[in-house]
Amino acid sequence: MRNAEATRERILDAAMDEFSAYGIAGARVDRIAKSAGCNKNLIYVYFDSKETLFTTVLQKNLDRAFEEIPFSPDRLPEFAVNVFDFAMTHPDVMRLLMWANLEQKTDNPPRRETAHEEKIRQIGLAQSAGRLRSALPPPFLLTSIMTIATAWASTNPFGPSLNPEAAKDVDALRASVASAVRLLVQAEDRTAN
C-alpha cells in the first residue's frame, strides 16, 4: 500500500511539472509516466483520464493554497498580501491556473468552487454588518482582490513583462497590494454627515 501511494505521489509531482509547462492539450501522459518512473497505463488506473489527472493536480495545489492562506473578510488586505506572496513564490501553480482558465477542458475542482462561494458569502455578511464597504457586490470585490493580489505573477501579461523594473521591488509591490485592497474594502464612515 505504501508503494502504491508513493507511486501516486510521483505521478502527481510529474504531472504538475508537465501540466504547468504545457497545459492540458500540450501535456503528454507518456512524458509524465517516464518522469514518474512508472508505466503509462498505471496513470489511467489511478486517474482514469488526463483531464482527471489535471483536475487532481490542480485541487492538490489549491488545497495547499487554502491551507497556507487563511481567509477572513475582516483581514482582506492581509489576505491579499498572502495571495500575492503565494503567487510570487509558486509560479507553477499560477501557470496551472492559467492553463485551466485558458483551455477550459476540465471542470473546476468542487472544493475550489465551494471555497470561492464561501468567501463571497463571508464578504456579503461583513458588508451587511457595515464592516466592509458595500459599493461593490461581493463576487466583484473578491475577483478584484484576487486580481490585484496576482497582478505581478509571472503569468500576468500586464505585470512583470511590461514593468520589469517595478517587479524587482517586491516589498513595495506587497505594500501597494495591501493599500489598494484597503482602499477597496474600508467601510464607509457612517458617523459623517
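A few points about this structure:
- Unmet criterion (only one of (1) modelled with pLDDT under 95; (2) surrounded by 18 or more Cβ atoms within 10 Å (Cβ to Cβ); (3) within 27 Å of Asp169 (Cα to Cα)) for Glu68: (2)
- Verdict on Phe86 being aromatic (Phe, Trp, Tyr) and free of Cβ contacts under 8 Å to residues at least 12 places away in the same chain: no
- Total residues in the range 11-42 satisfying the condition of being loosely packed, with under 15 Cβ neighbours inside 10 Å and over 28 Å from Gln104 (Cβ atoms): the figure is 2.
The values are calculated or read from the model by the stated rules, or taken from the named source; none is laboratory data. Model, not experiment: these values are computed from the prediction. Quick reminder, even Gly has a Cβ in these numbers, built from the backbone with ideal geometry, and neighbours come from all protein chains shown.
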